[in-house]
1. Considering only the range 75-114, state which residues are of a type in the set (Ser, Thr, Tyr) and in contact with a helix residue (DSSP H, G or I) (Cβ under 8 Å, 6 or more places away or on another chain).
2. When the residues of the range 8-23 are narrowed to those that are surrounded by 13 or more Cβ atoms within 10 Å (Cβ to Cβ) and touching a Lys or Arg at 6+ places or on another chain (Cβ under 9 Å), which ends up farthest from Val78 (Cα to Cα)?
3. Here are some residues: Tyr93, Tyr37. Which one is in contact with a strand residue (DSSP E or B) (Cβ under 7 Å, 6 or more places away or on another chain), assigned to a strand (DSSP E or B) and open to solvent by 30 Å² or more (accessible area, probe 1.4 Å)?
4. What are the residues in the range 96-109 that are out of contact with any Cys (no Cβ under 8 Å at 6 or more places or on another chain) and either in a loop (DSSP other than H, G, I, E, B) or under 17 Å from Gly9 (Cβ atoms) (or both), if any?
5. Quickly run through the range 63-90 and pick out the residues that are small (Gly, Ala, Ser), under 16 Å from Ser21 (Cβ atoms) and open to solvent by 30 Å² or more (accessible area, probe 1.4 Å).
6. Here are some residues: Thr112, Thr53. Which one is out of contact with any Phe, Trp or Tyr (no Cβ under 7 Å at 6 or more places or on another chain), open to solvent by 30 Å² or more (accessible area, probe 1.4 Å), assigned to a strand (DSSP E or B) and of a type in the set (Ser, Thr, Tyr)?
Amino acid sequence: QVQVVESGGGLVQPGESLKLSCKASGISFRAAAMAWYRQAPGKQRELVASITTIGSTNYVDSVKGRFSISRNNAKSTVDLQMNGLKPEDTGVYYCKPTNMGGVNWGQGTQVTVSS
């Protein structure tokens, strides 16, 4: 069964950090380019960070210098280290392959940044 499962979200104060993790199963993970997306309340889902099969990374401007995406092919996981969190980072975070069809969105993990 093809699926992705996100975890690690929570409620934090501005300036704090969180590390999200995504476990993929049912796919050839080494061949999967992976990405993290987020959906803020009332907004469309946006791509936040991506990583290619060879480890090249890309970030949306709003998170550059604060977020870091990494992958572990042995564990079929992709992580998102988020530092210096801001209230505007609040949303549901999802991961998904960017170069494979037939993979549904997971349930996501909620990140809330609030004082």
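1. Of everything in the range 75-114, those that are of a type in the set (Ser, Thr, Tyr) and in contact with a helix residue (DSSP H, G or I) (Cβ under 8 Å, 6 or more places away or on another chain) turn out to be Ser76, Ser114.
2. Selected residue: Pro14.
3. Sole residue among the options that is in contact with a strand residue (DSSP E or B) (Cβ under 7 Å, 6 or more places away or on another chain), assigned to a strand (DSSP E or B) and open to solvent by 30 Å² or more (accessible area, probe 1.4 Å): Tyr37.
4. Across the range 96-109, the qualifying residues are Lys96, Thr98, Asn99, Met100, Gly101, Gly102, Val103, Asn104, Trp105, Gln107, Gly108, Thr109.
5. If the condition is that a residue be small (Gly, Ala, Ser), under 16 Å from Ser21 (Cβ atoms) and open to solvent by 30 Å² or more (accessible area, probe 1.4 Å), then Ser68, Ser70, Ala74 are the ones that fit.
6. Thr112
The values are calculated or read from the model by the stated rules, or taken from the named source; none is laboratory data. Computed from a predicted model, the values in this text were never measured in an experiment. In this analysis, Cβ positions are derived from the backbone assuming ideal geometry, glycine residues included, and neighbour counts consider all displayed protein chains. When the accessible area is computed, the model is the full protein with side chains, heavy atoms only, and any ligands, DNA or RNA have been set aside. Shrake-Rupley method; radii C 1.70, N 1.55, O 1.52, S 1.80 Å.
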